[in-house]
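Q: Structure in C-alpha cells, see below.
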Amino acid sequence: MLYHFSEEPVIEVFVPRIKQNRQDMPPVVWAIDKEHEFTFYFPRNCPRIVYKKSEEVSKSDKDRFFGDTSATTIVTIESRWYKELKNFTIYKYAFDEQGFELFDKTAGYYISHQTVNPQGVEPVSHLIDKLLDTGIELRFTPTLYPLRDAILASTVLDFGIHRFNHARE
C-alpha cells in the first residue's frame, strides 16, 4: 500500500496536478510508502527537517547530530508549531501500488500520471504520540535555520527539508 496525507477529510478522486515546488514536472499524483509516512504526520505547512544516521556520516557529524540519542532518525520542527501539532488531525488516504512508480527511494515518494481512486481514508490524530511510537526522536527549536545550514554543510546525506519556505528566521 501507498499513502497520501491531506488536511481534507473527503477526497473521492486524486487527479494529477503540478506540485507548487516542482513546476518542472508534469502533473502527477503523489504517494508515500509505509516506512516514510511519518514525515507527513504534521500540518501541511509545518516546516520540518528529517535526518537519519547512516554509514556515510563522519564520526564528528555522528557526535554532533546523534551523539546524545539512541534514535537513528530525528525530526525537528519549530517550537511555535507544538500546539497545532498536538491538536491536529490529518487524513491518510490508501492507494494500491499499481499504477505508481518510484520517484525517490530515500524519501519513499511514488508518483502516478493517472487519476487515482483511494481505497480508503482514515483520520490520524495524536500525532506526537504516533511520531514517538515510530522510534524517531522529535525535537523542537525556535528556528530551523541553524540546523538546516549545519545539515547542508555536513556529511549527513539522508535528510529532507520540508516546507522550509514557512520557517521563521
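The values are calculated or read from the model by the stated rules, or taken from the named source; none is laboratory data. As the structure is a computational prediction, the values presented were derived from the model and not from experiment. Reconstructed Cβ throughout: ideal geometry from the backbone, glycine too, with neighbour counts over all protein chains shown.
Q: Filter the range 33-66 down to the residues that are hydrophobic (A, V, I, L, M, F, W, C) and either touching a helix residue (DSSP H, G or I) at 6+ places or on another chain (Cβ under 7 Å) or part of a loop (DSSP other than H, G, I, E, B) (or both) and list them by number.
A: Start the filter on the range 33-66 by keeping residues that are hydrophobic (A, V, I, L, M, F, W, C), which leaves 38, 40, 42, 46, 49-50, 57, 65-66.
Selection gives F38, F42, C46, I49, V50, V57.
Q: Mind listing whichever residues of the range 1-30 are closer than 12 Å to F95 by Cβ and surrounded by 10 or more Cβ atoms within 10 Å (Cβ to Cβ)? Please lay out each step first, then the result.
A: First, pick out the residues of the range 1-30 that are closer than 12 Å to F95 by Cβ: 1-5, 11, 13-14, 29-30.
Across the range 1-30, the qualifying residues are M1, L2, Y3, H4, F5, I11, F14, V29, W30.
Q: Let me ask another. When L127 is evaluated against the numbered criteria (1) among the aliphatic types (A, V, I, L, M); (2) within 25 Å of E12 (Cβ to Cβ); (3) without any contact (Cβ under 8 Å) to a residue 40 or more places away in the chain, which criterion, by number, is the only one it fails?
A: (3)
Q: Residue check: is I18 at pLDDT below 95 and touching a strand residue (DSSP E or B) at 6+ places or on another chain (Cβ under 9 Å)?
A: On the way: at pLDDT below 95: yes; touching a strand residue (DSSP E or B) at 6+ places or on another chain (Cβ under 9 Å): yes.
Considered against the rule, which asks whether it is at pLDDT below 95 and touching a strand residue (DSSP E or B) at 6+ places or on another chain (Cβ under 9 Å), I18 comes out as yes.
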